[in-house]
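I have placed the structure first, in the form of structure tokens, so that the comments after it can refer back to it.
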Amino acid sequence: MELRRRLGRSVLPGLVVAGLAGAGTAGGCSSTVVENRFDASAIPPSDAGSKDSGTTDDVGFTTGDTGSRPLDACTAVTSKAGKVPVDVIFVIDNSGSMSNELVSIKQNVNTFAQKIGTSGLDYRVIFIVDKGTGTYQICVPPPLAGPNCADNPPLFYHVKQDVQSTDSLSLILSTYESSWKSYIRFDAIKVFIEITDDNAYGTTASPFDKQLLAKLPTGVFGDSTKRKYIFDSIVGWKEGTPYQSNSTCGTAVNTGTEYQLLSVTTGGLIDSVCKTDFSAVFDNFANGIKQRLACEYQMPTADAGVVDPNQIAIQYSVGGVPPGE
């Protein structure tokens, strides 16, 4: 399991995090709940690898210069975290060129959700796309959805919305208040997954980002210094070419450069919509969400003093059993 030594991170559900304050710490200690926070702009798309996060249950932090001296419990800070909340919002082009893609999305979305669920994340899935059993509609099957295309609160919600080739970004903004604001959680990281074979016009990446960050309640999507959303793109990008290049994959109308720009800005993933089977694409995106969110943690602080991240040592314990026992 890879752990990143960065401040302001969330912890894997069920982890116990302990740390010592730096020099000058007064006696006495307290326990605090770790806040789930994530700075998406700090991680480039390539940082979300495909390695499994593992099943480590507990991790402890102690000062690196303890030698044989036992850890003084009165100067330690211990934090136990709950599950990291993540709201995954699929925005899917259901125009006339997307019939095969709609079928593949329906076939693979349950496996996608199950993979996120096994990571221990507190997840929910929201679809923004026309709902039904027609050629250019999606009826999400159980167990993610309820019977007959129904919602399955609080795990799954489907916003019945016709999404055409170029209007995804404008629709995300215009339908927020009326259609899906009540489905997302303030503290959750929002992961948009755009699926289209075209590009955004009218509302493009930069104004979209500004308008989304301005949505109420203030801070629900973070701000420009610390976004609380990630934008993933399954678009007309051609594998083997640089992101935002002019090369379009075979069946796509456009490369989707505006969506790709949002992915680069927010630390999202980019993949090709031209693949005939979305199972590997969805598997990659599920792994990306797990790697970016399920293995994050925040350094604890004490009542007095400041934890020095350069003086932190990491100890693992599985199932609450200390190392070596």
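How many Å² of accessible area per residue for the stretch 223-283, probe 1.4 Å?
Ligands and nucleic acids excluded, the result is 39 Å² per residue.
Calculate the tail of P(r) for the stretch 139-274: the fraction of all Cα-Cα distances greater than 22 Å, expressed in %.
42
Would you please give the residues with an amide H less than 5 Å from that of ILE270, counting only those at least 5 places away or on a separate chain, with H modeled from the backbone geometry?
Sorted by chain and number, the residues that satisfy this are SER233.
Amide H neighbours of TYR123 under 5 Å, at least 5 residues apart or on other chains, H built in the peptide plane: list them.
VAL86
In square angstrom, what is the accessible area per residue of the stretch 108-152 with a 1.4 angstrom probe? The partial results should precede the final answer.
Details: 1750 Å² over 45 residues.
For the stretch 108-152, the solvent-accessible area averages 39 Å² per residue.
Residues with beta-carbon under 11 Å from that of LEU262, excluding LEU262: net charge, scoring Lys, Arg +1 and Asp, Glu -1?
-3
Once both labels are modelled 7 Å past Cα along the beta-carbon direction, what's the GLN114-GLN137 spacing in nm?
Reported label-point gap for GLN114 and GLN137 is 2.7 nm.
Run the reach check for LYS160 against lysines, Cα to Cα strictly under 17 Å, same-chain hits fewer than 8 apart removed. What comes back?
Excluding near neighbours in sequence, the set is LYS106, LYS131, LYS181.
Mind giving me the FRET efficiency for LEU216 and THR251? R0 is 41 Å, r the Cβ-Cβ distance, nearest 0.05 is fine. If you can, show how the numbers build up before the last one.
Details: r = 39 Å, r/R0 = 0.96.
Calculated value: 0.55.
Can you pull the percent of the stretch 247-295's accessible area that's carbon plus sulfur, 1.4 Å probe, other chains left in place?
49
Which percent of the accessible area of the stretch 134-187 is formed by carbon and sulfur heavy atoms (probe 1.4 angstrom)?
54
The values are calculated or read from the model by the stated rules, or taken from the named source; none is laboratory data. None of these values were measured; they are calculated from a predicted model. No Cβ is skipped: glycine too gets one built from the backbone with ideal geometry, and neighbour counts run over all protein chains shown. The protein model used for the area step is the full one, side chains on, heavy atoms only, and it has no ligands, DNA or RNA in it. Shrake-Rupley method; radii C 1.70, N 1.55, O 1.52, S 1.80 Å.
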